[in-house]
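Asks: Would you mind keeping the following structure in view while I ask a few things?
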Amino acid sequence: MTKLREEELVCAEVLIDQIHRSVRATARELGVSESTLRYRRQRRAEGATDGRARQPAACQPYEAVIQTWINAQQQRSGRPDPVRSLYEMLIAQHGFTGSYQTLRRYVARRRPRPLIHPIRRVEVMPGTQAQVDWVEPTVYVHQLGGWTQLSGFNLTLGFSRMWSLQWRTDQTQLSWLEAHNGAFRAVGGIPLSVRFDNCKTAVAARGGPWAILNADYRSYAHQLGFLPDPCRLRTPSDKGKTERRLRDVRGSLIRADDRFEALEDLQRVSDQRIQECSQQWRCPLTGQSIADSWALERPLLCPLPQTLPVPFDVEVQRPVPRDGLVWFEGHEYGVPFAYIGRTVRLRGAADQVEIRADHRLLLSYPRHTDCLRLIDQQACYEGAATDRVAAPTPLGRLGQQIVLPRTWEVPLEAPSRPLERYAALLERHGRYV
């Protein structure tokens, strides 16, 4: 049963005395027992008052001290001190014997009502803003060992609400920048500004309007031509549009019965489901679907450059020996034979190793593979001689059949062995009987 408030008691008397409703039915509507309603009506008719109201308050002797503390808190510009600090001060300095809850209620009755802070709804012009953030769901990916906590990078356009989700295994600087590249490709352009939390991959010190940007992220934003826009500290509502999209990851994009073979399968399914949702969900500004609103916003985004910058965390220089193999992170990588005797640069990007010289990309290999010696036969050893390096010895007929074109891509099927070719091979070696 609930307590009977004074205004409810007045309504009950009107129903009983003027409309002639029974006491039992009235008590049932008010959610109290019939005996409670009869007792309260009798007390009201007798003019009785609660005896506790005539008792002196435990805080009354300390009224001047408490009021001084309340006035001091009102003049502060920052966050006020908790009532617990006043409670401890009264006990230590004035011998206060009341309870903390008594003091808290006493202060609450004398404090002015706090101001109502309105919520500003911000809608941006098309092509002017994207909001980004990470989400960390647990997803079943077979190649990663089953249930794995992944990092999903979400980018949401502020006008159309079109979004992209890029999956990564971590939130390092390389993953942060590579996820930007993937998201910009997905939405078909680059907005004027990107709003984000004060994460270390974007902000080096301070936060919000006074943030000092991470040097790598500042350089990346300068190359692509967008303005980094950090949110205020501890204010996720500053990027509410992407926060709303993050809630859609579980249920709409990732379901409880989903099982994925590899991270690429998860990315493909997520992209497909985002397209399906964008056809069904509506943009609050245009009243049309998110997909149709995105079609209006996409021409106003800055076009993507021909090649997006590839972020890297390691760059070293290596001289190229006669076998054309250079060491990097415990692996050997093949270099085109024309660069033997010269020095090349190796860059470790998010998922590849780039070999550069003469201000251009020579070759790229997958990074962090199980294969320790990565050679691309066509790119490394084929071609005409130069004025400095002779052409490598070409592969014979048998060598062309058995040499791996790419050492890190081992075929799972055995090569075909026609009987005639096998017999000719034996005859050539004098073993044919």
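The values are calculated or read from the model by the stated rules, or taken from the named source; none is laboratory data. All figures in this text were calculated on a predicted structure; none of them were measured in a lab. Every residue, glycine among them, receives a Cβ derived from its backbone with ideal geometry; neighbour counts consider all protein chains shown.
Asks: Would you call Arg282 among the basic types (Lys, Arg), in contact (Cβ under 8 Å) with a residue 24 or more places away in the chain, surrounded by fewer than 17 Cβ atoms within 10 Å (Cβ to Cβ) and out of contact with any Gly (no Cβ under 7 Å at 6 or more places or on another chain)? Reasoning before the result, please.
Replies: Values: among the basic types (Lys, Arg): yes; in contact (Cβ under 8 Å) with a residue 24 or more places away in the chain: no; surrounded by fewer than 17 Cβ atoms within 10 Å (Cβ to Cβ): yes; out of contact with any Gly (no Cβ under 7 Å at 6 or more places or on another chain): yes.
The answer is no for Arg282.
Asks: Now, a different point. Going by the structure shown, is Ala423 part of a loop (DSSP other than H, G, I, E, B) and at pLDDT below 95?
Replies: Values: part of a loop (DSSP other than H, G, I, E, B): no; at pLDDT below 95: yes.
Considered against the rule, which asks whether it is part of a loop (DSSP other than H, G, I, E, B) and at pLDDT below 95, Ala423 comes out as no.
Asks: Let me ask something additional. Are any residues in region 249-264 touching a residue at least 24 places away in the same chain (Cβ under 8 Å) and assigned to a helix (DSSP H, G or I), and if so, which ones?
Replies: Just the residues of region 249-264 that are touching a residue at least 24 places away in the same chain (Cβ under 8 Å), to begin with: 249-250, 252-254, 258-263.
Across region 249-264, the qualifying residues are Val249, Arg250, Ser252, Leu253, Leu263.
Asks: Restricting to region 93-151, and then to whatever is part of a loop (DSSP other than H, G, I, E, B) and hydrophobic (A, V, I, L, M, F, W, C), can you tell me which residue is surrounded by the most Cβ atoms within 10 Å (Cβ to Cβ)?
Replies: Initially, region 93-151 is screened for residues part of a loop (DSSP other than H, G, I, E, B), giving 95-99, 111-128, 136-137, 145, 150.
Okay, now just the ones that are also hydrophobic (A, V, I, L, M, F, W, C), so 96, 115-116, 119, 122, 124-125, 150.
Numbers: Phe96: 22, Leu115: 6, Ile116: 5, Ile119: 7, Val122: 11, Val124: 18, Met125: 11, Leu150: 18.
Restricting to residues being part of a loop (DSSP other than H, G, I, E, B) and hydrophobic (A, V, I, L, M, F, W, C), the top hit is Phe96.
Asks: Conditions first: (1) modelled with pLDDT of 90 or more; (2) out of contact with any Cys (no Cβ under 8 Å at 6 or more places or on another chain); (3) among the small types (Gly, Ala, Ser). Gly127 passes all but one, so which condition is the exception?
Replies: Just one mismatch for Gly127, condition (2).
Asks: Identify all residues within region 263-296 that are of a type in the set (Asp, Glu) and under 23 Å from the mean Cα position of the chain (by Cα); write none if there are none.
Replies: Keep residues of region 263-296 that are of a type in the set (Asp, Glu), which gives 264-265, 271, 276, 292.
Scanning region 263-296 gives Glu264, Asp265, Asp271, Glu276.
Asks: Moving to a separate point now. So if I check each of Arg244, Arg218, Arg232, which one is surrounded by fewer than 18 Cβ atoms within 10 Å (Cβ to Cβ), within 19 Å of Ala130 (Cα to Cα) and in contact with a Gly (Cβ under 8 Å, 6 or more places away or on another chain)?
Replies: Result: Arg232 is the single residue among Arg244, Arg218, Arg232 that is surrounded by fewer than 18 Cβ atoms within 10 Å (Cβ to Cβ), within 19 Å of Ala130 (Cα to Cα) and in contact with a Gly (Cβ under 8 Å, 6 or more places away or on another chain).
Asks: Touching a Pro at 6+ places or on another chain (Cβ under 6 Å), assigned by TED's automatic domain parsing to the domain that holds Thr201 and buried (at least 20 other Cβ atoms within 10 Å of the Cβ): does that describe Ile254? Spell out the reasoning first.
Replies: Details: touching a Pro at 6+ places or on another chain (Cβ under 6 Å): yes; assigned by TED's automatic domain parsing to the domain that holds Thr201: yes; buried (at least 20 other Cβ atoms within 10 Å of the Cβ): yes.
Judged against the criteria, Ile254 is a match.
Asks: Would you say Cys302 is more than 30 Å from His331 (Cβ to Cβ) and touching a Leu at 6+ places or on another chain (Cβ under 8 Å)? Walk me through how you get there before you give the answer.
Replies: Numbers: more than 30 Å from His331 (Cβ to Cβ): yes; touching a Leu at 6+ places or on another chain (Cβ under 8 Å): yes.
Considered against the rule, which asks whether it is more than 30 Å from His331 (Cβ to Cβ) and touching a Leu at 6+ places or on another chain (Cβ under 8 Å), Cys302 comes out as yes.
Asks: Ok, one more. Scan region 1-28 for residues that are acidic (Asp, Glu) and surrounded by 13 or more Cβ atoms within 10 Å (Cβ to Cβ) and report the count. Don't jump to the end; show me each part of the working.
Replies: The first filter runs over region 1-28 and keeps only residues acidic (Asp, Glu), leaving 6-8, 13, 17.
Right, trim to surrounded by 13 or more Cβ atoms within 10 Å (Cβ to Cβ) and you get 8, 13.
Within region 1-28, residues that are acidic (Asp, Glu) and surrounded by 13 or more Cβ atoms within 10 Å (Cβ to Cβ) number 2.
Asks: Only residues that are buried (at least 20 other Cβ atoms within 10 Å of the Cβ), in contact with a helix residue (DSSP H, G or I) (Cβ under 9 Å, 6 or more places away or on another chain) and assigned to a strand (DSSP E or B): list them for region 350-359, please.
Replies: Residue satisfying the conditions is Ile355 alone.
Asks: Follow-up. Are any residues in region 183-210 among the small types (Gly, Ala, Ser) and either in contact (Cβ under 8 Å) with a residue 12 or more places away in the chain or assigned to a helix (DSSP H, G or I) (or both), and if so, which ones?
Replies: Within region 183-210, the first condition is being among the small types (Gly, Ala, Ser), and the residues that meet it are 183, 186, 188-189, 193, 202, 204-205, 207-208.
Residues satisfying the conditions are Ala183, Ala186, Gly188, Gly189, Ser193, Ala202, Gly207, Gly208.
Asks: May I pose another question? Please pick out the residue among Gly188, Gly145 that is of a type outside the set (D, E, K, R) and either under 19 Å from Val310 (Cα atoms) or at pLDDT 95 or above (or both). Give the steps one after another, and end with the answer.
Replies: Values: Gly145 fails: either under 19 Å from Val310 (Cα atoms) or at pLDDT 95 or above (or both).
The unique qualifying residue is Gly188.
Asks: Continuing with the same structure: Inspect region 166-184 for any residue being on the phi > 0 side of the Ramachandran plot and crowded, with 18+ Cβ neighbours inside 10 Å and give the result as yes or no.
Replies: Taking region 166-184 and keeping what is on the phi > 0 side of the Ramachandran plot, we get none.
No.
Asks: Which ranges mark the strands (runs of 3 or more DSSP E) fully within region 298-349 that have 3 or more residues being modelled with pLDDT of 95 or more and surrounded by 15 or more Cβ atoms within 10 Å (Cβ to Cβ)?
Replies: Values: elements: 312-319, 325-328, 331-334, 343-349.
Filter on region 298-349 gives 325-328, 331-334.
Asks: Give the residue that is modelled with the lowest pLDDT, with candidates limited to residues of region 101-122 that are touching a helix residue (DSSP H, G or I) at 6+ places or on another chain (Cβ under 9 Å) and β-branched (Val, Ile, Thr).
Replies: Ile119
Asks: Only residues that are assigned to a loop (DSSP other than H, G, I, E, B) and loosely packed, with under 15 Cβ neighbours inside 10 Å: list them for region 370-391, please. Can you show your working first?
Replies: Step one: filter region 370-391 for residues assigned to a loop (DSSP other than H, G, I, E, B), giving 370-372, 375, 382-391.
Listed by number, the residues that qualify are Asp370, Leu372, Glu382, Gly383, Ala384, Ala385, Thr386, Asp387, Arg388, Ala390, Ala391.
Asks: Give the number of residues within region 152-161 that are in contact with an Asp or Glu (Cβ under 7 Å, 6 or more places away or on another chain) and either among the β-branched types (Val, Ile, Thr) or assigned to a loop (DSSP other than H, G, I, E, B) (or both).
Replies: Within region 152-161, the subset in contact with an Asp or Glu (Cβ under 7 Å, 6 or more places away or on another chain) is 154, 157, 159-160.
Going one step further and asking which of them are either among the β-branched types (Val, Ile, Thr) or assigned to a loop (DSSP other than H, G, I, E, B) (or both), we end up with 159-160.
Summing the residues that are in contact with an Asp or Glu (Cβ under 7 Å, 6 or more places away or on another chain) and either among the β-branched types (Val, Ile, Thr) or assigned to a loop (DSSP other than H, G, I, E, B) (or both) in region 152-161 gives 2.
Asks: Now, a different point. Among the residues of region 79-86, is any modelled with pLDDT of 85 or more and more than 43 Å from the chain's Cα centre (by Cα)?
Replies: no
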